[in-house]
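The values are calculated or read from the model by the stated rules, or taken from the named source; none is laboratory data. In this text the structure is predicted, and so the values were computed from the model without any measurement. Don't worry about glycine lacking a Cβ; one is built from the backbone with ideal geometry, like all the others, and counts go over all protein chains shown. Surface accessibility is based on the protein's heavy atoms, side chains included, excluding ligands, DNA and RNA. Shrake-Rupley method; radii C 1.70, N 1.55, O 1.52, S 1.80 Å.
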Amino acid sequence: MWGGRFTDRPDAIMEEINVSIDVDRHLYAQDIAASKAHAAMLAAQGIITANDAKNIGKGLDTILSEIGAGKFTFKRALEDIHMNVESRLAELIGPAAGRLHTARSRNDQVATDFRLYVRDVLDETDAALAAFQQALAERALEQADTVMPGFTHLQTAQPVTFGHHLMAYVEMAARDRGRFQDARKRLNESPLGAAALAGTSFPIDRAATAKKLGFDRPMANSLDAVSDRDFVLETLAAASICAVHLSRFAEEIVIWTSPLVGLIRLSDKFTTGSSIMPQKRNPDAAELVRAKTGRVIGALNGLLIVMKGLPLAYQKDMQEDKQGAMEGFAALSLAIRAMTGMVRDLVPEPDRMRAAAGEGYATATDLADWLVRTLKMPFRDAHHVTGRIVGLAAKAGVALHELPLKEMQAVEPRISKEALAVLSVESSVKSRTSYGGTAPKNVRAQAKAWLKRLEKERKLG
Ligand code: ARG
């Protein structure tokens, strides 16, 4: 492509370090779409003839179907997707192919292609997260009354409902979707026509190509347009936070399925056995979701390091933006889908959950609250009294509700039979009706509201 200035072929090592076709071939659809928009604009502006533009467009369509059908031979000697496409175009339509590269450069080309690619990733991620939320909200509605232990410090804290726990992840996914949608807004400007770095002397119409490619507007500064990779970084940052959320949920699934805990069972579809221990049911999918987070965060860190300290405008370093990002996006996509599958299929063990919810004096706060409400005791005093009662129960090796009333009254004589009613895990969760609290009726309302919202989103498409 630059034979005019060169007499020697590149060294094999030069070719090896320089080549990007193995990665950027995944941008072929975007590359062809951008080239078609560019050619049509060049013709509309009288920069190339309508006939050349027509032939270029037809040739590009042929290449699109050749690549789609796996009938295209990518050549490493041609370095990247842009030159592979252009060289094939020359074979197909002859010298007119050489006019396509008027008023553009591979710098604005690759920036445009990758923006289009990441935009697709953002849209697919949003849809996958919506499906994840749907599965969570459906299960939450079904499990709104299922009592389980809630934890702080991984110690039994207070009873919650399983539905409430699931709905927490709906909220996290909502924030993730917000971050992806936000990234999309900033991403959606077109670098095309920035050319190598300085713009062009040809009378191009950047607004037209931007519009054709679904961008909101052209990027305002040509130097920025070719050297910006914020759109990848921002998407990877949002992806990293999302992956962290999924890894936390995955870890909970690993804990819950341990025979030591036994709060849920995973379906056979999301479990593996052991080649040596016939009894094993391993939560491999959850463990791998937990681990895939490393790839996503790794991709973010990798690209931050590539970009750090790069002067304007395009530097070849930036070619390293794609591989890690694509792998990170693929890892996140798989993680979201795996979590969705596990959520749909998992089987709670309500008896075990209920028993565990009552272990560890989980309703002690309910007793303290009763003392405050009924005896008008200051909460700090109630906390102290309840602490002594828990101490007695622990010494006797019984649950709170198993401690004889007389023993409680030895600590606080005004405690009556009615106090015992608040010690059940069911009444504990039922009482937590404050906004955002775990009461089954709250959970049902939240789950229904989300299901409605998700349905509305689907209808709007
Ligand atoms: N393959 C290159 C990349 O991914 C395309 C841009 C090449 N530009 C250049 N000036 N060498 O970044």
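If ALA207 satisfies every condition in (1) in contact (Cβ under 8 Å) with a residue 12 or more places away in the chain; (2) farther than 21 Å from ALA449 by Cα; (3) out of contact with any His (no Cβ under 9 Å at 6 or more places or on another chain) but one, which is the exception?
(1)
Name the one entry in HIS82, HIS101 that is within 16 Å of the ligand (Cβ to nearest atom) and either among the hydroxyl-bearing types (Ser, Thr, Tyr) or surrounded by fewer than 22 Cβ atoms within 10 Å (Cβ to Cβ) (or both). Let's see the steps before the verdict.
On the way: HIS82 fails: either among the hydroxyl-bearing types (Ser, Thr, Tyr) or surrounded by fewer than 22 Cβ atoms within 10 Å (Cβ to Cβ) (or both).
Being within 16 Å of the ligand (Cβ to nearest atom) and either among the hydroxyl-bearing types (Ser, Thr, Tyr) or surrounded by fewer than 22 Cβ atoms within 10 Å (Cβ to Cβ) (or both) holds for just one of HIS82, HIS101, which is HIS101.
Which number in (1) surrounded by 21 or more Cβ atoms within 10 Å (Cβ to Cβ); (2) within 20 Å of the chain's Cα centre (by Cα); (3) within 16 Å of the ligand (Cβ to nearest atom) marks the one condition that GLY193 misses?
(2)
Across segment 382-399, what is the total count of residues that are surrounded by 12 or more Cβ atoms within 10 Å (Cβ to Cβ) and in a loop (DSSP other than H, G, I, E, B)? Talk me through it step by step, then tell me what you get.
Step one: of segment 382-399, the residues surrounded by 12 or more Cβ atoms within 10 Å (Cβ to Cβ) are 382-394, 396, 398-399.
Narrowing further to those that are in a loop (DSSP other than H, G, I, E, B): 398-399.
Of the residues in that region, 2 qualify.
The rows are residues; the columns are (1) open to solvent by 60 Å² or more (accessible area, probe 1.4 Å); (2) among the aliphatic types (A, V, I, L, M).
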| residue | (1), (2) |
| --- | --- |
| HIS401 | yes, no |
| VAL411 | no, yes |
| ALA421 | yes, yes |
| GLY436 | no, no |
| LYS456 | yes, no |
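Read through the list (1) among the polar types (S, T, N, Q); (2) within 18 Å of the chain's Cα centre (by Cα); (3) within 16 Å of the ligand (Cβ to nearest atom), then give the number of the only condition that GLN319 fails.
Checking GLN319 against (1) among the polar types (S, T, N, Q); (2) within 18 Å of the chain's Cα centre (by Cα); (3) within 16 Å of the ligand (Cβ to nearest atom), the one that fails is (2).
Just one of LYS395, LYS417, LYS406, LYS376 is within 22 Å of THR156 (Cα to Cα) and charged (D, E, K, R); which is it? Full working, then the answer.
Values: LYS417 fails: within 22 Å of THR156 (Cα to Cα); LYS406 fails: within 22 Å of THR156 (Cα to Cα); LYS376 fails: within 22 Å of THR156 (Cα to Cα).
Testing whether each residue is within 22 Å of THR156 (Cα to Cα) and charged (D, E, K, R) leaves just LYS395.
Residues that are away from the ligand (no atom under 16 Å from the Cβ), β-branched (Val, Ile, Thr) and without any contact (Cβ under 8 Å) to a residue 40 or more places away in the chain: does segment 360-370 have at least one? Talk me through it step by step, then tell me what you get.
Step one: filter segment 360-370 for residues away from the ligand (no atom under 16 Å from the Cβ), giving 360-370.
Subset that is β-branched (Val, Ile, Thr): 363, 365.
Cutting the leftovers down to without any contact (Cβ under 8 Å) to a residue 40 or more places away in the chain gives us none.
No, because not a single residue in segment 360-370 is away from the ligand (no atom under 16 Å from the Cβ), β-branched (Val, Ile, Thr) and without any contact (Cβ under 8 Å) to a residue 40 or more places away in the chain.
All but one of (1) outside any helix (DSSP H, G or I); (2) open to solvent by less than 30 Å² (accessible area, probe 1.4 Å) hold for SER35, so report the exception by its number.
In the conditions (1) outside any helix (DSSP H, G or I); (2) open to solvent by less than 30 Å² (accessible area, probe 1.4 Å), SER35 misses (1) alone.
Look at segment 104-161 and say how many of its residues are part of a helix (DSSP H, G or I) and away from the ligand (no atom under 16 Å from the Cβ). Spell out how you get there, then give the answer.
From segment 104-161, those part of a helix (DSSP H, G or I) are 106-142; that's our starting set.
Still in the list and also away from the ligand (no atom under 16 Å from the Cβ): 119-142.
Qualifying residue count, segment 104-161: 24.
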